[in-house]
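Trainee: Pasting in a structure now, in structure tokens, and then I'll have a few things to ask.
The values are calculated or read from the model by the stated rules, or taken from the named source; none is laboratory data. It should be emphasised that the depicted structure is a prediction, and the values quoted were computed from it without experimental measurement. Cβ placement follows ideal geometry from the backbone for every residue including glycine, while neighbour counts extend to all protein chains displayed.
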């Protein structure tokens, strides 16, 4: 597609950055005074001082993995909402359980932008196979489709034969759901001898869209675009051109940080996706998704000017258990932080010849020294309460894959 959802998508990067950062003081002040959790977290933060990315990076990351405990301590939303529960539009539950609030306004989750990039327009009919049960995915896409002007059939998941028959009867021209379920529907239609060739475009999410699967859809005349979001934040990024990365949504401020830390990484380095949304009802600030990705250089070939990410590249939570003790990525980050000479660190866990656990912290260091390795070894013991070896390597030696803990042990 050569047209855009709105003028925000083609702003200069400087205009966008100025607008996003300019909204931060008011957004942070709102969260601080209206959402009890952020009132505590931001107690020492002057909202007016948070006007650039370095100031934002001084605020601790709140991670999705923290939500279960936070919500049990202060049910149901951990003190992160700024409105009364009865003033919300919907309340959902994700595995954990984690409860997710939806505001009462229109396209709250901002999925209209992703659907537009996937080619949906007013008058289209969307067969929506994202789940409407408990979790928010179905309503996320449903509300976005209504914002674009599409009719929606709320199909949900399962009942494949009924899905096929409904598509044959209603003749929708678009599909929403996981790529694997679209594949199942198409194969079931072939088996039943039912024509579902009305489907010509699709927005998929929830799992990887493999190149071979995309190609198989294209052979059937279905143009597919994928998007990335979470139950807490809604849309984070979306595909506008095949295999050109995912364009970041206009309604969020995205950072990539070193797993287990609060520190942003350089462009191109794999790290955890951290997002600040601009929602008033659920004002998440520096929310760590637990997902790995990396920023891509340059702009999308489609003409959209926002930053791009590679897409989902795995999970950032690499916690491992060694000799009965949990070792967390945050501990590896703490060890490296205590030794400024360390550029990057990776903890490798493996079994020795006697199948005993062995930890080795690989450290990229510009200037090697036996005394540094010995000092780092002492810090490992102090931080983790476990013994660990240290391997000093040249800068750039460690793989750029976001791994902070690499557990190589085999348990079968």
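Trainee: What's the number of the only condition in (1) under 18 Å from the mean Cα position of the chain (by Cα); (2) not in a loop (DSSP other than H, G, I, E, B) that residue 72 fails to meet?
Mentor: (1)
Trainee: Scanning the range 166-180 for residues that are part of a helix (DSSP H, G or I) and at pLDDT 95 or above, which turns out surrounded by the most Cβ atoms within 10 Å (Cβ to Cβ)? Show your work before the answer.
Mentor: Here is the first cut: in the range 166-180, the ones part of a helix (DSSP H, G or I) are 166-170, 179-180.
Then keep just the ones that are at pLDDT 95 or above; that gives 166-170.
Working: 166: 16, 167: 24, 168: 15, 169: 10, 170: 13.
The residue in question is 167.
Trainee: Let me ask another. For the range 363-394, name all the residues that are assigned to a strand (DSSP E or B) and in contact with a helix residue (DSSP H, G or I) (Cβ under 6 Å, 6 or more places away or on another chain).
Mentor: 390, 392
Trainee: A further question follows. Can you tell me how many residues in the range 253-271 are under 18 Å from residue 399 (Cα atoms), in contact (Cβ under 8 Å) with a residue 40 or more places away in the chain and in a loop (DSSP other than H, G, I, E, B)?
Mentor: The qualifying residues number 6.
Trainee: Return the residues of the range 132-147 that are in contact with a helix residue (DSSP H, G or I) (Cβ under 9 Å, 6 or more places away or on another chain), surrounded by fewer than 23 Cβ atoms within 10 Å (Cβ to Cβ) and part of a helix (DSSP H, G or I); say none if nothing qualifies.
Mentor: The answer is 146, 147.
Trainee: Which of the following residues is surrounded by 15 or more Cβ atoms within 10 Å (Cβ to Cβ) and at pLDDT below 90: 322, 393, 342?
Mentor: Of the residues listed, the single one that is surrounded by 15 or more Cβ atoms within 10 Å (Cβ to Cβ) and at pLDDT below 90 is 322.
Trainee: For the structure I just gave you, tell me whether residue 220 is assigned by TED's automatic domain parsing to the domain that holds residue 17, surrounded by fewer than 16 Cβ atoms within 10 Å (Cβ to Cβ), more than 24 Å from residue 135 (Cβ to Cβ) and in contact with a helix residue (DSSP H, G or I) (Cβ under 7 Å, 6 or more places away or on another chain).
Mentor: yes
Trainee: Would you check if there is a residue in the range 89-109 being modelled with pLDDT of 95 or more, over 14 Å from residue 234 (Cα atoms) and in the same structural domain as residue 275 (by TED's automatic domain parsing)?
Mentor: So far as the range 89-109 goes, yes, one or more of its residues are modelled with pLDDT of 95 or more, over 14 Å from residue 234 (Cα atoms) and in the same structural domain as residue 275 (by TED's automatic domain parsing).
Trainee: Let me ask something additional. Does residue 170 satisfy the condition of being in the same structural domain as residue 115 (by TED's automatic domain parsing) and under 24 Å from residue 228 (Cβ atoms)?
Mentor: Criteria not met by residue 170.
Trainee: Being surrounded by fewer than 19 Cβ atoms within 10 Å (Cβ to Cβ), in the same structural domain as residue 251 (by TED's automatic domain parsing), within 26 Å of residue 304 (Cα to Cα) and modelled with pLDDT of 95 or more is the requirement here; does residue 121 meet it?
Mentor: Working: surrounded by fewer than 19 Cβ atoms within 10 Å (Cβ to Cβ): yes; in the same structural domain as residue 251 (by TED's automatic domain parsing): yes; within 26 Å of residue 304 (Cα to Cα): yes; modelled with pLDDT of 95 or more: yes.
Considered against the rule, which asks whether it is surrounded by fewer than 19 Cβ atoms within 10 Å (Cβ to Cβ), in the same structural domain as residue 251 (by TED's automatic domain parsing), within 26 Å of residue 304 (Cα to Cα) and modelled with pLDDT of 95 or more, residue 121 comes out as yes.
Trainee: Residues being part of a strand (DSSP E or B) and modelled with pLDDT under 95: count how many of those fall in the range 294-314.
Mentor: Looking only at that region, the number is 0.
Trainee: Could you tell me how many of the residues in the range 219-242 are without any contact (Cβ under 8 Å) to a residue 12 or more places away in the chain and either within 21 Å of residue 63 (Cβ to Cβ) or assigned to a loop (DSSP other than H, G, I, E, B) (or both)? Before the answer, list the steps.
Mentor: Narrowing the range 219-242 to residues without any contact (Cβ under 8 Å) to a residue 12 or more places away in the chain: 219.
In the following step, the residues that additionally are either within 21 Å of residue 63 (Cβ to Cβ) or assigned to a loop (DSSP other than H, G, I, E, B) (or both) were identified as none.
Matching residues across the range 219-242 total 0.
Trainee: Consider residue 308 against the criteria (1) touching a strand residue (DSSP E or B) at 6+ places or on another chain (Cβ under 7 Å); (2) surrounded by fewer than 17 Cβ atoms within 10 Å (Cβ to Cβ): it satisfies all of them except one. Which criterion is unmet?
Mentor: Result: residue 308 fails condition (2) only.
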